[in-house]
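A quick write-up on the structure given underneath.
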Amino acid sequence: MIDGYNLALEKGTGIATYARNLSGHLSELGYPIDLLYGVRASVGKNALLSEVGFFDPSTRALKPTEVIKRLATSPLGTTARQVPITGKVIARHVPGGLPKHERIFNSRNLYTISRWHFRTYGQFMQTSYDQSADIAHWTYPLPIKLKNAANIYTIHDLVPLRLPYATLDNKREFLKTVRKIADKADHIVTVSEVSKRDIVELLGVDESRVTNTYQAVNLPSHILNRDEDEVRNEVASIFGLEHKKFFLFFGAIEPKKNIGRIIEAYLASQVSYPLVIVGQLVWKNANDLRLLGVPGGGKKTDVYDPTIGHVTRSSSIVRLEYLPLSLLMSLIRCARSVVFPSLYEGFGLPILEAMQLGTAVITGSEGANPEIAGDSAIVVDPYDVNAIAQAIRDVAHDDALMRYYEAEGLERAKLFSPERYAERLDSLYTTLK
């Protein structure tokens, strides 16, 4: 069983990508997959309405009185019901389609209630369903467990504890949750040696109970194999950007991504190529975008395409709130370099995505970034604006340097290939059978 906690989000997250890749690789290894969601809709006797409700984001949220009522019975556990996925509802709108699965289950507001249960009772809430899985793999530190199963949890990083000023998490609740996982989990999975070290040192977990599987980028073949000229023309016509004549950052706009220093370094570099920033604001303010000129990161202009979030331009900086996967991959392929000197990452998926697409990378020396990049990217101190600016200048003015890191990155990406990731997963799950 794999949780659908992040999979249910409309625009997804890095952890949603992780869960999607996990289900795909485990399915290919021969494991039947159950997906357990906690969307707002209930599963009832009417099969069509149950299927419709599962895909309907407008279903009303829980009222406070309902939360209280659910909490009264939550110590007894919750039961999920199978969602009939018949194909009557057209689900092609789901980014990437539904993850690989044999069955889908849902318990209304499961993950919201589990948090309230943990706050109230200090224990993980238990859930169950008919003919449930032998192994429950929770892809995020959630205060919940599956009855009569081996419960393993992926802790991607401990950034809320390592950089408390860089996240909006409730630090006390996060610490209580990961400590409970450290104490009760049948096993803990993580995605880098840096994160494994943090889990061992900060939570006091024995190393033998933590497995680093790393991650993999499993891009669809229709994206990887697109004609180069087709991609160039797409980026030029939609965004007005020339091939290998712009720098790119993509990711959430939040403090740990270091956007403020990236913008400052870019402006200080005085290079002629534009900087493109693709990402949504995660925090309520836009302090990291203040150098774009006005609060919120600049004025709105016409949208290039109805599937793209609003576009902001300020001098030579272009900001797009959101792009569908295919367009984002095209931008990455055409960028001169991806600039990703974040302050801390449990893995740093954008580094690997850029390398797999043959794009040079400038990244930071903190967290897992240098572990993933190795010697195949330009690694700088993410707190040093001058160092970031110099790296941007170097890549802007040296075609040979750019091509060197493009080639090195492609080779480095092979270490995190889907095949190697599948081998690490198979080894992990074999020990848990």
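The values are calculated or read from the model by the stated rules, or taken from the named source; none is laboratory data. As the structure is a prediction and not an experimental result, all values here were calculated from the model. In this analysis, Cβ positions are derived from the backbone assuming ideal geometry, glycine residues included, and neighbour counts consider all displayed protein chains. Side chains included, ligands, DNA and RNA excluded: accessible areas come from the protein's heavy atoms. Shrake-Rupley method; radii C 1.70, N 1.55, O 1.52, S 1.80 Å.
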How much length, in nm to one decimal, is gained on full extension between Asp394 and Ala236, taken as 0.36 nm per residue of separation minus their Cα-Cα distance?
-> 54.5 nm
If r is the Cβ-Cβ distance from Lys176 to Asp130 and R0 is 35 Å, what FRET efficiency results, to the nearest 0.05?
-> 0.65
Violations at 24 Å Cα threshold for listed pairs Lys45/Lys145; Lys184/Lys414; Lys171/Lys256; Lys100/Lys176 -> Lys45/Lys145; Lys184/Lys414; Lys100/Lys176
Put +1 on the Cβ of every Lys and Arg and -1 on every Asp and Glu Cβ in the chain; which of His243, Ala335, Tyr140 then has its Cα farthest towards the positive end of the dipole?
-> Tyr140
Taking Cα pairs closer than 8 Å and at least 6 residues apart, the relative contact order of the chain in percent is 12
Label Gln280 and Leu432 with points 7 Å out from Cα along Cα→Cβ: what is the distance between them in nm?
-> 2.8
Tell me the label-point distance for the pair Asp186, Ser208, using the 7 Å Cα-to-Cβ offset, in nm and rounded to one decimal.
-> 1.8
Calculated over the chain: convex hull of Cα atoms, volume per residue (Å³) = 147
Size of charge dipole - the chain - debye, nearest 20, with Cβ of Lys, Arg +1 and Asp, Glu -1, no other charges = 1960
Compare the Cα positions of Ile33, Val361, Ala80 along the charge dipole of the chain (+1 at Cβ of Lys, Arg; -1 at Cβ of Asp, Glu; about the Cα centre) and return the one farthest towards the positive end.
-> Ala80
Sketch the reach of a paramagnetic label on Arg420 as a point 7 Å from Cα along Cα-to-Cβ, and name the residues of segment 216-234 whose backbone nitrogen lies under 16 Å away.
-> 216-219
Accessible area per residue, 1.4 Å probe, Å², for the chain: what's the number?
-> 45
Taking only C-alpha positions in segment 319-433, Rg and Dmax in angstrom work out to 15.4, 54
